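Have a look at the structure below, then the notes.
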Amino acid sequence: MGFIMKYIDLHCDTLMKCYLDGISLRENDAQIDLARLEGAGAMAQCMAVFVPTDDIAREYGVELSPGDYFDACAEVYRRELEVNADLVRPALCVQDIIDNGNSGRVSTILTLENGVVVDGKLERLDELFEIGVRLVTLTWNYENCFGFPQSDDAEAMKLGLKPFGIEAVWYMNELGIVVDVSHLSEGGFDDVARYSVKPFAASHSCSRALCDVGRNLTDRQLKALGDRGGVCGVNFAPMFLEKGSAISKTDAIVRHIRHIADHAGTEAVALGSDFDGFPGEVELGGCSGMPLLVDALRKEFHECEVEKICYGNALRLFSDVFV
């Protein structure tokens, strides 16, 4: 194994486990904790508040409203950062990431998965920005105020952003919040590409050419993402790497990274593990296995390309979007 490469991960669901299961963010038996992030070389970890609704909320036993649920998870995030300030500090801008790294701390960036909590109100985006949210995944698997999710129905997949969704994309550009198209319909993706004046992201998605599921991006979408200066954070979930698979294989992750680099440019590839957000086995184990992925990438890419994939492209995206 070579020297430990720094990396930025654009998506994980560990905060959900902290809130629902009461685990500590410092040390736990989930796929991510702060102690292992530090040991694996993490420069920054995006921490998503995934907001469950409908059947998934019932499955998780969540009875709070989307807004109250988000606020409860955000409070857990705040408390965890407070008691673990020796290991981690929040990042609200690129300089924070640099300063935190210089002081030996991992940066965390608060994100929102499922814009249902915005509820059609631009002032809610102001509130999210004020408490530190710097990336919003517009939809999850259900329609909301922004638009519509990916679908197996071809006609539903064509549905674009709602008028509020278009307005919100502009407003997030102005505030300095990354617009995230993972989970979004193809029509919605095309609207983001049309209306966003800043680069956008697919924080945790893979290539549909390699794994034909609606959650993944077509080569056309990947090229559009790259042409706009955006990035695709490759998802480690086995069902998005190889259709029907229950094991997340490291070589499959590398294949998707290679394909996206070939079709969108090396500058368009990043990491979006989705750790603690999917079922199945992971060869890497969890964040402690990230150096193993780096070694696998070094067999496929030049060192300067590995740096871009691991952290450079994400950092450049943040530089272009954050204000």
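Restricting segment 104-123 to residues that are in contact (Cβ under 8 Å) with a residue 40 or more places away in the chain and of a type outside the set (A, V, I, L, M, F, W, C), the residue that is surrounded by the fewest Cβ atoms within 10 Å (Cβ to Cβ) is Asp119. Looking at (1) modelled with pLDDT of 95 or more; (2) surrounded by fewer than 19 Cβ atoms within 10 Å (Cβ to Cβ); (3) aromatic (Phe, Trp, Tyr), find the lone condition where Phe3 falls short. Exception for Phe3: condition (1).
Would you pick out the residues in segment 194-209 that are closer than 22 Å to Ala154 by Cβ and buried (at least 18 other Cβ atoms within 10 Å of the Cβ)?
Let us first name the residues in segment 194-209 that are closer than 22 Å to Ala154 by Cβ, namely 194, 202, 205-209.
Listed by number, the residues that qualify are Ala202, Ser205, Cys206, Ser207, Arg208.
Of all residues in segment 111-128, those that are among the charged types (D, E, K, R) and not in a helix (DSSP H, G or I) total 3. Specify the residue that is surrounded by the most Cβ atoms within 10 Å (Cβ to Cβ); the eligible residues are those in segment 6-33 that are out of contact with any helix residue (DSSP H, G or I) (no Cβ under 8 Å at 6 or more places or on another chain) and among the charged types (D, E, K, R). The selected residue is Asp13.
For segment 219-249, give me the residue count where each residue is more than 21 Å from Arg316 (Cβ to Cβ) and either crowded, with 20+ Cβ neighbours inside 10 Å or touching a Phe, Trp or Tyr at 6+ places or on another chain (Cβ under 9 Å) (or both). Counting residues in segment 219-249 that are more than 21 Å from Arg316 (Cβ to Cβ) and either crowded, with 20+ Cβ neighbours inside 10 Å or touching a Phe, Trp or Tyr at 6+ places or on another chain (Cβ under 9 Å) (or both) gives 7.
Residues considered: Gly160, Gly101. Of these, the only one that is surrounded by fewer than 23 Cβ atoms within 10 Å (Cβ to Cβ), more than 18 Å from the chain's Cα centre (by Cα), within 24 Å of Leu317 (Cβ to Cβ) and touching a residue at least 60 places away in the same chain (Cβ under 8 Å) is Gly101.
The values are calculated or read from the model by the stated rules, or taken from the named source; none is laboratory data. Since we're looking at a predicted model, the values are computed, not measured. All Cβ positions, glycine included, derive from the backbone under ideal geometry; neighbour counts span all protein chains shown.
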